[in-house]
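Student: Here it is, the structure, as structure tokens.
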Amino acid sequence: MNSAVEEVVTQAVAASGLELVELRRLGTKSRPVLDVRVDRPDGQRVTVGDCARASRAIEERLDASDLIAQRYVLEVSSPGVERRLRTTAEWRRFVGREVSVTSTSLGGRIDATLVAVEGTDGAEDVTLRDANGVEHRVPLGEIREARLVFHWK
């Protein structure tokens, strides 16, 4: 992803009162698709109105620049109920929630409760409690994939 495009999108999303969670460029060079995932800093669910507001702000800034092809597709949505966890801030935000984590140090994938995130400056560890009550301390850098787990009632 072009860092200038990412900066424009990040600023537009922030100006809309939202946070950029993920930005992916899909499609082709002549018809790029920008897939933008946004979240609300207040922890409330992202609404259609939030996505529309962010979309208008992003379009306005991208159309005023020469950073992307004249014809592009912009898709703005929430990260979803089973969102990926990528940053330390996201891990800290979701302490107490159930997560699905894949790591070689765990021997594969486990579903567990995120108990704590400790450490700083790239040396963070997460503590996970599995269904048997066993706690696992895993360096954040060793986690290959992690998502929130959502149980439909």
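Student: Compute the acute angle (0 to 90°) between the alpha-carbon long axis of helix 3-15 and the principal axis of greatest extent of the alpha-carbon atoms of the chain; round to the nearest 10°.
Tutor: Helix 3-15 sits at roughly 80 degrees to that axis.
Student: Please label the shape of the chain as rounded, prolate or oblate, based on the square roots a ≥ b ≥ c of the eigenvalues of the alpha-carbon gyration tensor (a/c under 1.5 means rounded; beyond that, a/b larger than b/c means prolate, else oblate).
Tutor: prolate
Student: Right, another one. Would you please put 14-23, 27-36, 73-82 in order of how densely packed they are, using the mean number of other Cβ atoms within 10 angstrom per residue and starting with the highest?
Tutor: The packing order, highest mean first, is 14-23, 73-82, 27-36.
Student: Right, another one. Mind putting a number on the dipole of the chain about its Cα centre? Charges go on the C-beta only, +1 for Lys and Arg and -1 for Asp and Glu, and I need it in Debye to the nearest 20.
Tutor: Around 480 debye, computed over the chain.
Student: Sequence-distant or interchain residues sharing an amide H contact under 5 Å with VAL149, placed H: which?
Tutor: Under 5 Å from the amide H of VAL149 lie the amide H atoms of GLU98, VAL99, SER100, each far enough along the sequence or on another chain.
Student: Convert each backbone phi in the stretch 103-116 into a coupling constant with the Karplus relation 6.51 cos²θ - 1.76 cosθ + 1.60 (shift: θ = phi - 60°), then list the ³J(HN,Hα) values in order as whole Hz, x for Gly and Pro.
Tutor: Calculated HN-Hα couplings, in order: 7, 5, 5, 9, x, x, 10, 9, 9, 7, 8, 7, 8, 7 Hz.
Student: Return one number: the angle in degrees, 0 to 90 and rounded to the nearest 10, between the long axis of the Cα atoms of helix 48-63 and the longest principal axis of the Cα atoms of the chain.
Tutor: 50 degrees
Student: Taking the dipole about the Cα centre of the chain, with the C-beta of Lys and Arg at +1 and of Asp and Glu at -1, give me whichever of SER55, SER100, VAL9 is farthest to the positive side.
Tutor: Comparing the listed Cα positions along the dipole, SER55 ranks first.
Student: If you count only protein heavy atoms and use a 1.4 Å probe, how large is the accessible surface of SER105, to the nearest 10 Å²?
Tutor: 70 Å²
Student: Show ILE110, ILE58 ordered by accessible area, largest first, where the area counts protein heavy atoms only and the probe is 1.4 Å.
Tutor: Highest to lowest solvent-accessible surface, that is ILE110, ILE58.
Student: Considering only DSSP states other than H, G, I, E and B, which GluC sites (Glu not before Pro) in the stretch 105-136 qualify as loop sites with at most 12 other Cβ atoms within 10 Å?
Tutor: none
Student: Read phi for every residue in the stretch 82-95 and hand back ³J(HN,Hα) as whole Hz from Karplus 6.51 cos²θ - 1.76 cosθ + 1.60, θ = phi - 60°, with x for Gly and Pro.
Tutor: Each residue's phi maps through the Karplus curve to give 10, 5, 6, 9, 10, 9, 4, 4, 5, 4, 5, 4, 9, 4 Hz.
Student: Tell me which residues come under 5 Å, amide H to amide H, from VAL115 once H is placed; ignore anything under 5 positions away on its chain.
Tutor: GLY96, THR127, LEU128, ARG129
Student: For LEU106, LEU67, write out the residues from largest to smallest accessible area, computed with a 1.4 angstrom probe and no ligands counted.
Tutor: LEU67, LEU106
The values are calculated or read from the model by the stated rules, or taken from the named source; none is laboratory data. Keep in mind it's a predicted model, so treat the numbers as computed, not measured. Using ideal geometry, Cβ is built from the backbone for each residue, glycine included, and neighbour counts are taken over all protein chains shown. Just the protein is used for accessible areas: all its heavy atoms, side chains included, with ligands, DNA and RNA removed. Shrake-Rupley method; radii C 1.70, N 1.55, O 1.52, S 1.80 Å.
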